[in-house]
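J.: Submitted below is the structure of interest, expressed as structure tokens.
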Amino acid sequence: MEALEDVFTLVDKVKFGESVLIEYHRSFIPELTTLGLLYYGKARRLSVIIDDNFDSLHVIQKHLEFVGIDEDFGDALVVKTGGKRNVGNVVTRVKFVSEPAIYIRNYEKASKAAFSNVEKSINIVLGLERLFSFVSSVSEFYAFVIALQSFLGEKRRKAFYLINKEIASSIPFNPLPELERVASTVIEAVPTPTRGIFTFKKSTSLDLLGKKIEIPTGVIGWK
Amino acid sequence: MTKEMLFDVIDRTPFGDLVLIEDETSYGSVIAAYVFVRYARERGIKIMIDDVLDTLFLVKKQLEFLGVQDDFSDAVVIKTGGKMDIGKVIGRIPLETEPVIYLSRYEGIANEVFSEGKYINIVLGLEKLFAFMHEPVEFYTVINSIQGFLGNRSRKAFYMINKNIASNLKFNPIPELEEIATTVTYIRGEYGEGKVTFGKTPFIEFLGKEFEIPLEKLLQW
């Protein structure tokens, strides 16, 4: 069991520029992780940017409400792709088109304009598996993979991609094997009734490799 | 396994050989690519890298996270698809063409490089090329082209394959590549505890043995 500050110390060890893949199994883990990273950003005075693909943040907010946590994500800068339920401070909206080359260009343009004066940020990416579910050919698939890869080493952000393992592995172009290669850190998150167990499967810090941490839901105010 | 042992094995691997490296670990092929580059530099052999869909960019970035800075500026690079140029890019082939056209372009550029001397040839992201195969005839056209380089005395070739990705493809190239290769090496292990074994090698003393190469040690080489 870990106190929140101990967990934050581990997140400190993830370097700026890294892309972290968090693979979770169906559970409350996206809620626990998103809120935890939001608090982390506040504690470390970093901007928190949330990529909200297809209203994923809305689901998280509602789930949190059910367990008695009212969080409006007003401090988070939200980039919305698709969907129509605005949660948080929506600073830009990317028009979704199923042609990846065009979508990626739209995304880069929109985020560049919105975040040109953001110095250091924590970037939480939600619902990426839904973007991949629109992929209809190998060349589209690799267009996405290469675009995601090009953010590696972008030192203004630490990015966390939350992916539901069951959903990702059941779509026609399963992105997990490529995402596991591209990510510099891979964390597998498994739930128990009262906590999430996070294991570092891949890491750029040798002392984090194989490390397992248990985070009880209580640490973020979850009763 | 120490650096000296590994370099000695590469020394004894003749030019013309094709070494297949199947990686199941997180950083195995990234580190292996770097080890072969280091080997070539220490032995004064030229380097040629086949970079499919920006895999060399990935290698460079991930090495940086592990504390290794290298811009590969001394490596001749043939790029297939992708847009992030690393190293000395001397050829660029788009992926969207027919394999026959693609391969004739590739072979033209590669043979020109090999006519200039001896190279350590590192092939990165080959499984991505195979992901584009739709028909057996395309698949075997590519396999046949790779086979054509076997015995080419201008190169010692190291083909890195991400096993996890390759074995989930419609046309998994691993069985055919194992057939063609003169040496087949596996990198396995979790959490930085890399283990190297040989599935096929001309040096029978390595068969059935497991060599441990921890990531921590490798980074100090």
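The values are calculated or read from the model by the stated rules, or taken from the named source; none is laboratory data. Please read these numbers as outputs of a predicted model, since none were measured by experiment. With ideal geometry, Cβ positions are generated from the backbone for all residues, glycine too; neighbour counts draw on all protein chains shown. Quick note on the areas: whole protein, heavy atoms, side chains included, nothing else; ligands and nucleic acids left out. Shrake-Rupley method; radii C 1.70, N 1.55, O 1.52, S 1.80 Å.
J.: Across peptide B:58-69, what mean number of C-beta atoms from other chains lies inside 10 Å of a residue's C-beta?
T.: The mean count of partner-chain Cβ atoms within 10 Å per residue comes to 5.
J.: Let me ask something else about it. If a paramagnetic tag sat 7 Å from the Cα of residue A:205 along the Cα-Cβ line, which residues of segment A:149-185 would have the backbone N under 13 Å from that point?
T.: A:185
J.: Another question about this same structure. Rounded to the nearest 500 deg cm²/dmol, what is the calculated helix-only ellipticity per residue at 222 nm for the protein assembly as shown, with -39500 (n - 2.57) per DSSP H run of length n ≥ 4?
T.: -11000 deg cm²/dmol
J.: Would you mind working out the accessible area per residue for segment A:14-156, using a 1.4 Å probe, and quoting it in Å²?
T.: Per-residue accessible area for segment A:14-156 comes out at 43 Å².
J.: What's the magnitude of the charge dipole for segment A:85-154 around its Cα centre, counting Lys and Arg as +1 and Asp and Glu as -1 at the beta-carbon? Answer in Debye, nearest 20.
T.: It comes to approximately 280 debye.
J.: R0 = 35 Å: FRET efficiency of residue A:16 with residue B:204, Cβ-based, nearest 0.05?
T.: E between residue A:16 and residue B:204, to the nearest 0.05, is 0.10.
J.: Could I have the simple spin-label model distance between residue B:85 and residue A:97, label points 7 Å from Cα toward Cβ, reported in nm to one decimal?
T.: For residue B:85 paired with residue A:97, the spin-label model returns 2.8 nm.
J.: If you line up the long axis of helix B:99-114 against the longest principal axis of chain B, both from Cα atoms, how many degrees apart are they, to the nearest 10?
T.: 60
J.: When ranked by the protection proxy of mean other Cβ atoms within 10 Å per residue, highest first, what sequence do the peptides B:58-67, A:94-103 form?
T.: Those peptides, ordered most packed to least, come out B:58-67, A:94-103.
J.: I've got another one for you. Taking +1 at the Cβ of each Lys and Arg and -1 at the Cβ of each Asp and Glu, which of B:100, B:211, B:130 sits farthest along the dipole of segment B:92-221 towards its positive end, judged by Cα position relative to the Cα centre?
T.: Farthest towards the positive end: B:211.
J.: Name the residue farthest towards the positive end of the dipole of chain B from the options B:14, B:183, B:202, assuming +1 on Cβ of Lys and Arg, -1 on Cβ of Asp and Glu, about the Cα centre.
T.: B:14
J.: What does the buried accessible surface come to for B and A, summed over both chains, with the probe at 1.4 Å? Round to 100 Å².
T.: What B and A bury together is about 2400 Å².
J.: Another question, if that's okay. For segment B:77-180, what's the radius of gyration and Dmax over Cα atoms, in angstrom?
T.: Rg then Dmax for segment B:77-180, in Å: 13.4, 38.
J.: Just checking the output field for B:189-196: average partner chain Cβ neighbours within 10 Å of each residue's Cβ?
T.: Shielding by partners across B:189-196 averages 3.
J.: With the dipole of chain A worked out from charges on the C-beta (+1 for Lys and Arg, -1 for Asp and Glu) around the Cα centre, which of A:164, A:73, A:24 lies farthest toward the positive end?
T.: The one lying farthest along the dipole's positive direction is A:73.
J.: For a protection proxy built on the mean count of beta-carbon atoms within 10 angstrom, sort B:197-210, A:19-32 highest first, please.
T.: A:19-32, B:197-210
J.: Past the 18 angstrom mark, what percentage of all C-alpha to C-alpha distances in segment A:76-223 do you count?
T.: 65
J.: Another question about this same structure. Ranked highest first by average number of other Cβ atoms within 10 Å, how do A:126-133, B:3-10, B:49-56, B:174-181 line up?
T.: Going from most to least packed, we get B:49-56, A:126-133, B:174-181, B:3-10.
J.: Can you list the residues of segment A:91-130 with backbone N under 18 Å from a point 7 Å past the Cα of residue A:136, pointing along Cα to Cβ?
T.: Answer for segment A:91-130: A:96-104, A:130.
J.: Just the accessible area per residue of segment B:2-84, please: how many Å² with a 1.4 Å probe?
T.: Result: 32 Å² per residue.
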